[in-house]
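Below: one structure, written as structure tokens.
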Amino acid sequence: METEKSGKIEYKIFYDRDIIHLMNLLLATKKELNHEKTELSYNIQYKDGTIDSGFDQAVINQNRPIQSVLLSLTNENPGVSIIIDINTNNTRDNNIYFVKSEDCDWVNEKSLQIQRVIAATSNQNYYLSHPSWKIRIRIISSILVSSFIGLLLEGLLLEAYAAEVHLFVLLLVIIYMTISQIDQFLEEELESLYPIVDFDASIKPQNKKKKKLFLLKFLVIYFILYWFYTFFLQQMM
């Protein structure tokens, strides 16, 4: 009777050394099985669209950012299969590991070995990578920006409403488009810099600087908007 075990991979950053650890784990498993029909495959897809396939660590090109990694070991005769699928574009069907065999103990052992390698990798920022927190950040940003613009342009909006309805509507449209652009910027930056699973090979040491710079800008803008918001609010009271 076949036993299957799978697990989700989330909120992790895989360096090239982590990918190599997983590759070595599958290579050691192939040697352990010692079966001529055991097939081992490493597939690396890069963000430029190219895919490198092979059977050793040479498939990792440290000069290009990685999009996805698919590592597999299969042998239909004894019914053995291990698949490790890691992708920066998180969906229900990827960022998983899967182990199958007729030997329940073997499945548990290999699953535990994979879990240990994954657990040893660096953690992604949970609050900036979790989908629900990204939505919360965008909602809070939209409320803060719209409140700030509303306070800043309150007099102009009232004058426009009293003088010309069309002008008032135009100002509202401009405000809406501004908020939409800020929201789109935040969405793109958060998805780009903080995916649920990311790769940080040698090509991306600058990614840390980009993330720190983005976070610094984000906090500074929030502080300035909040300060202006409270300042105008106090002036009005």
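The values are calculated or read from the model by the stated rules, or taken from the named source; none is laboratory data. Not measured: the values here are computed from a predicted model. Because the Cβ atoms are built from the backbone with ideal geometry, glycine has one as well, and the counts that use them run over all protein chains shown. Ligands, DNA and RNA are excluded from the accessible area calculation, which covers all protein heavy atoms including side chains. Shrake-Rupley method; radii C 1.70, N 1.55, O 1.52, S 1.80 Å.
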Quick one: is Tyr46 within 15 Å of Phe199 (Cβ to Cβ), open to solvent by less than 80 Å² (accessible area, probe 1.4 Å), touching a helix residue (DSSP H, G or I) at 6+ places or on another chain (Cβ under 8 Å) and among the hydroxyl-bearing types (Ser, Thr, Tyr)?
no
Considering residues that are modelled with pLDDT of 90 or more and either of a type in the set (Gly, Ala, Ser) or farther than 17 Å from Phe98 by Cα (or both), the number found within segment 17-30 is 3
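Here is a yes/no grid of residues against (1) more than 17 Å from the chain's Cα centre (by Cα); (2) aliphatic (A, V, I, L, M):
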site: Lys12; (1), (2): no, no
site: Arg17; (1), (2): yes, no
site: Lys47; (1), (2): no, no
site: Thr50; (1), (2): yes, no
site: Ala58; (1), (2): yes, yes
site: Ser68; (1), (2): no, no
site: Thr91; (1), (2): no, no
site: Asn95; (1), (2): no, no
When (1) in a strand (DSSP E or B); (2) surrounded by fewer than 12 Cβ atoms within 10 Å (Cβ to Cβ) are applied to Lys5, the one that fails is (2)
Checked pairs for segment 98-119, first farther than 13 Å from Gly79 by Cβ, second in a helix (DSSP H, G or I), C-beta under 6 Å and 6 or more apart or across chains, list as Gln113/Leu25; Val117/His21; Val117/Leu22
By residue number, the members of segment 31-43 that are open to solvent by less than 40 Å² (accessible area, probe 1.4 Å) and at pLDDT below 90 are Thr38
